[in-house]
Amino acid sequence: MDLIKQNKDNDEVSVETRDAAPSHFLFKIENFSSSTPHHIHKYESTEFSAGEYKWRLIFNFNDGDNIAVNLAVSDTSSLPTRWEINAVFSIFLYNQKSNKFYSIRWRCVPLSGRARRFHALKQEWGFPKFISKKSLMDQSNGYLVNDNCVFGAEVFVINIQSAFECLSISKDGKPYEQCWKIPKFSQLGNEWVSEDFLTGDHKWYMKVYPRGNRDAKDHNISIYLYLVDSIRSPFRNVMTNFTFRIKDQKNGKHYITYYIKWFTRSGEAWGWSKFMSITDMNDPNKGFIVDDCCVLEVEILVQAVSHSLIT
């Protein structure tokens with residue numbers, strides 16, 4: 001019984017044949033039939049490298065009628081405390097008669113997949129019935145010629161980044177209010193920027209363009225709210241209900257605009273380029289500018305926060 005016949009009924013593994021030798025490791029055993037008389041029941045190969053890790057092949061020649069071959073992580077002392085390696089690997093046996101390499105690997109099945117997870121409590125994986133001793137010793141199969149046989153291994157490490165996201169919805173949240181008196185409004189340059197202010201765990205600042213920006217230049221006042229910690233923590237998204245107010249200091253009729261917006265990594269600012277016309281802003285009868293002073297208010301209610309991490 002050769003390697004293919006022995007494993008054809010095993011739904012968990014697949015057997016393949018190819019001309020190319022394994023990429024990472026070859027292991028030759030000379031005078032194989034002498035292993036039992038010399039009581040070589042188990043053997044660990046020297047280390048070899050694959051995927052920036054060290055590995056060994058472990059052979060068990062005294063496992064009943066079969067030869068077991070396992071792949072094991074080596075030199076684990078250099079790995080982090082909670083190390084984990086996910087790898088797809090194949091174990092090879094050279095057929096010297098056909099000049100081809102026969103390989104066995106785990107079949108890609110639902111849930112478990114093809115990769116195997118190596119960690120501190122499971123440092124080796126393999127095939128307890130890689131090949132029967134009878135099949136290997138049968139000269140007609142071509143695996144053992146002149147009492148020599150050749151095994152091999154290929155290991156491909158899968159670099160897994162686990163994405164994790166948590167959406168936290170605010171419960172009974174209260175709005176945060178911030179007010180600025182901006183003096184000498186007519187003497188401001190192209191922009192006015194507030195100091196940073198905190199609302200809970202989030203840091204913000206306001207930016208005002210007294211003469212407008214972009215398509216509103218020289219026609220409208222432009223106002224924007226910036227989320228600072230979306231820059232510092234790019235995987236944080238914040239859903240905010242915010243309101244801008246320019247206070248009517250004479251008549252008590254404020255100019256108000258509000259919006260609900262997700263502040264994200266790609267959109268850490270939101271506002272209006274055409275918030276209010278410069279003509280209305282400077283109209284003395286409307287009370288938005290008194291003694292060259294403007295009163296700007298913002299009200300922020302954080303409704304939800306999404307944290308996205310990659311581990």
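Each row is one residue, and each column tells you yes or no for (1) without any contact (Cβ under 8 Å) to a residue 12 or more places away in the chain; (2) among the hydroxyl-bearing types (Ser, Thr, Tyr); (3) buried (at least 16 other Cβ atoms within 10 Å of the Cβ).
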| position | (1), (2), (3) |
| --- | --- |
| Thr81 | yes, yes, no |
| Asn95 | no, no, yes |
| Asn99 | no, no, no |
| Arg105 | no, no, yes |
| Lys122 | yes, no, no |
| Pro128 | no, no, no |
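What is the residue count in the range 168-213 for residues that are touching a Leu at 6+ places or on another chain (Cβ under 7 Å), farther than 18 Å from Met281 by Cβ and surrounded by 16 or more Cβ atoms within 10 Å (Cβ to Cβ)?
Counting residues in the range 168-213 that are touching a Leu at 6+ places or on another chain (Cβ under 7 Å), farther than 18 Å from Met281 by Cβ and surrounded by 16 or more Cβ atoms within 10 Å (Cβ to Cβ) gives 2.
Filter the range 241-267 down to the residues that are crowded, with 19+ Cβ neighbours inside 10 Å and either touching a Leu at 6+ places or on another chain (Cβ under 7 Å) or not assigned by TED's automatic domain parsing to the domain that holds Ile169 (or both), then identify the one that is modelled with the lowest pLDDT.
The qualifying residue modelled with the lowest pLDDT is Phe263.
Quick one: in the range 41-79, which of the residues that are closer than 14 Å to Phe27 by Cα and hydrophobic (A, V, I, L, M, F, W, C) is surrounded by the fewest Cβ atoms within 10 Å (Cβ to Cβ)?
Per the stated criteria, the residue is Ile58.
Read through the list (1) more than 25 Å from the chain's Cα centre (by Cα); (2) modelled with pLDDT of 90 or more, then give the number of the only condition that Arg105 fails.
Unmet for Arg105, out of (1) more than 25 Å from the chain's Cα centre (by Cα); (2) modelled with pLDDT of 90 or more: (2).
Considering only the range 169-223, state which residues are without any contact (Cβ under 8 Å) to a residue 12 or more places away in the chain and not in a loop (DSSP other than H, G, I, E, B).
Leu198
Would you check if Gly142 is among the small types (Gly, Ala, Ser), under 30 Å from Asn60 (Cα atoms) and in contact (Cβ under 8 Å) with a residue 24 or more places away in the chain?
Numbers: among the small types (Gly, Ala, Ser): yes; under 30 Å from Asn60 (Cα atoms): yes; in contact (Cβ under 8 Å) with a residue 24 or more places away in the chain: yes.
Against the criterion (among the small types (Gly, Ala, Ser), under 30 Å from Asn60 (Cα atoms) and in contact (Cβ under 8 Å) with a residue 24 or more places away in the chain), Gly142 qualifies.
Looking at this structure, is Asp292 touching a Ser or Thr at 6+ places or on another chain (Cβ under 6 Å), among the charged types (D, E, K, R) and surrounded by fewer than 16 Cβ atoms within 10 Å (Cβ to Cβ)?
Here the answer is yes, as Asp292 does meet what is asked.
Show me the strands (runs of 3 or more DSSP E) found entirely inside the range 61-150 where at least 3 residues are in the same structural domain as Glu16 (by TED's automatic domain parsing) and polar (S, T, N, Q).
Working: elements: 66-74, 84-95, 100-106, 116-119, 124-132.
The strands (runs of 3 or more DSSP E) meeting that bar are 66-74, 84-95.
The values are calculated or read from the model by the stated rules, or taken from the named source; none is laboratory data. Everything numeric here is computed off the predicted structure, so don't read it as measured data. Note: ideal-geometry Cβ built from the backbone for every residue, glycine included; neighbour counts use all protein chains shown.
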